Amino acid sequence: MTLAERTLARFADLVGAAPDLAVRAPGRVNLIGEHTDYNDGFVLPAAIGLQSVVAVRRRPDSIVRLIAADFGDAVSAFDLAQPIARDANQPWSDYIRGVAIVLQAEGVELGGLDMLVAGDIPQGSGLSSSASLSVASGMAFGGLFAPGRFDATEIALIAQRAECDFVGMRCGNMDQLASAHGAAGNALLIDCRSLDVRPVAMPPGTAVVIVHSGISRGLVDGHYNERRASCEAVARQLGVPALRDLTPGQLEAARADLDPVAYRRARHVVTENARTLDVAAAMEWGDLIALGNAMAESHASMRDDFEITLPAIDRLVAELQDAIGGHGGARMTGGGFGGAVVALVEADAVEAVVARVEARYRTPEGGKPLIMVERAHAGASFL
Ligand code: GLA
């Protein structure tokens, strides 16, 4: 049984009736463009096969009852007639609570419902389990109470606002846009300022290999928001709306006026924007060497300038790069401080690359890492 089939069957068991509707929303892997989204820059993610599924059925009252299949059917409930608060015992529910609040603020008249949520994206892996849950629940609420009102971009922005304003992680818009807009066989070049989303075909004959380091990261732990604040401070100091508006040359010219750490943070963002556009172009030309070089530079920049990698992740990336040789590349993906590493490799090299990682990398618990051979999938949809 697929995750969707299991979720629908479980819903009938728990609620005693079939759902009114169900939604799937994928996680994403970011090929390049890290910590550029909240700087109004460019990102190049792809939706993956791992996903969140939610099934909902209206209730006659104003109670929203959320059930998490992956947490032993844990329940978190709230009354729409009361102000919606966070649930410290069931923090997974805060993403959905936040979406409900944002929809109410948008004037959507929500009603009570039962919602079952399930997913197969490892949490803390940097593959956007939370964004996919927010997008799926946004579509489910929207599908029941405001059908046809929000397009994919609007749903993504609602999900992002929920995470920023309610959960307290001041994320950018990449994860939600990737989950909502994913296109099979394509990465998405997203301009996070104009919200233009352009599919970029994955180079023929390649595969995406994702390795979970086994180190899970806590996103609301301050590092993320602190990096964001540092980027915003540089933009303010240099009188531009966002780091997107600086060329590497302009940043260099201002170097002497900047705090050295803030300068390095900004240098990561400014150079990463340029690399992201380079990789999108390299994918279109099928230039796996240029792509691999840019991915390697991106990782080094995250390690040395933005300082969001960990020694174990650096070693894992080095193993992958070594196994790949020049044709393709590898880097850490996602917010950092753990999580997954992404590699783009020629299809006939996949086996050797996987074997190398299995032989050489151990998680902190001493086990073999979770390795996923992926391709780009379609974005969120009703089931
Ligand atoms: C997390 C955030 C995204 C983005 C990445 C880093 O996934 O949710 O908005 O900033 O980190 O690129």
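The values are calculated or read from the model by the stated rules, or taken from the named source; none is laboratory data. This one's a predicted model, so the numbers in the text were calculated from it and none came from an experiment. Virtual Cβ from ideal backbone geometry, glycine too; neighbours counted across all protein chains shown.
From the list Ala187, Ala183, the lone residue that is within 16 Å of the ligand (Cβ to nearest atom), touching a residue at least 24 places away in the same chain (Cβ under 8 Å) and closer than 17 Å to Leu50 by Cβ is Ala187. Screening the candidates Asp151, Asp165, Asp175 for the property of being within 12 Å of the chain's Cα centre (by Cα) and not aromatic (Phe, Trp, Tyr) yields one hit, Asp175. Hey, any hits in region 17-37 for a residue that's within 23 Å of Cys192 (Cα to Cα), assigned to a helix (DSSP H, G or I) and either more than 14 Å from the ligand (Cβ to nearest atom) or at pLDDT 95 or above (or both)? So far as region 17-37 goes, yes, one or more of its residues are within 23 Å of Cys192 (Cα to Cα), assigned to a helix (DSSP H, G or I) and either more than 14 Å from the ligand (Cβ to nearest atom) or at pLDDT 95 or above (or both). Being surrounded by fewer than 24 Cβ atoms within 10 Å (Cβ to Cβ), more than 16 Å from the ligand (Cβ to nearest atom), at pLDDT 95 or above and not in a loop (DSSP other than H, G, I, E, B) is true of Glu5.
I'd like to verify a number: residues in region 335-372 that are among the small types (Gly, Ala, Ser), part of a loop (DSSP other than H, G, I, E, B) and more than 24 Å from Gly33 (Cβ to Cβ), how many? Result for region 335-372: 2. Residues in region 320-334 that are assigned to a loop (DSSP other than H, G, I, E, B) and either crowded, with 24+ Cβ neighbours inside 10 Å or among the hydroxyl-bearing types (Ser, Thr, Tyr) (or both): Thr333, Gly334. Could you say whether any residue in region 160-173 is within 13 Å of the ligand (Cβ to nearest atom), closer than 21 Å to Ala343 by Cα and of a type in the set (S, T, N, Q)? Within region 160-173 (the criterion being within 13 Å of the ligand (Cβ to nearest atom), closer than 21 Å to Ala343 by Cα and of a type in the set (S, T, N, Q)), the answer is no, since none of the residues qualifies. None of Gly239, Gly214, Gly185, Gly172 is in the same structural domain as Ala46 (by TED's automatic domain parsing) and at positive phi except Gly185. Only one of the numbered conditions (1) part of a strand (DSSP E or B); (2) more than 22 Å from the chain's Cα centre (by Cα) is not met by Ala47, and that is (2). Just to be sure, is Thr206 in contact with a His (Cβ under 8 Å, 6 or more places away or on another chain), touching a residue at least 40 places away in the same chain (Cβ under 8 Å) and polar (S, T, N, Q)? No: the conditions fail for Thr206. For the subset of region 203-234 comprising residues that are hydrophobic (A, V, I, L, M, F, W, C) and buried (at least 21 other Cβ atoms within 10 Å of the Cβ), which member is modelled with the lowest pLDDT? For region 203-234, the residue satisfying everything is Leu219. Here region 118-135 is the region considered, the condition is being out of contact with any Leu (no Cβ under 8 Å at 6 or more places or on another chain) and within 10 Å of the ligand (Cβ to nearest atom), and the residue that is farthest from Ile215 (Cα to Cα) is Ala131.
Applying the set (1) within 10 Å of the ligand (Cβ to nearest atom); (2) over 16 Å from Gly379 (Cα atoms) to Leu177 leaves exactly one unmet item: (2). Checked across region 222-237, the condition of being within 14 Å of the ligand (Cβ to nearest atom), in a loop (DSSP other than H, G, I, E, B) and among the hydrophobic types (A, V, I, L, M, F, W, C) holds for no residue.
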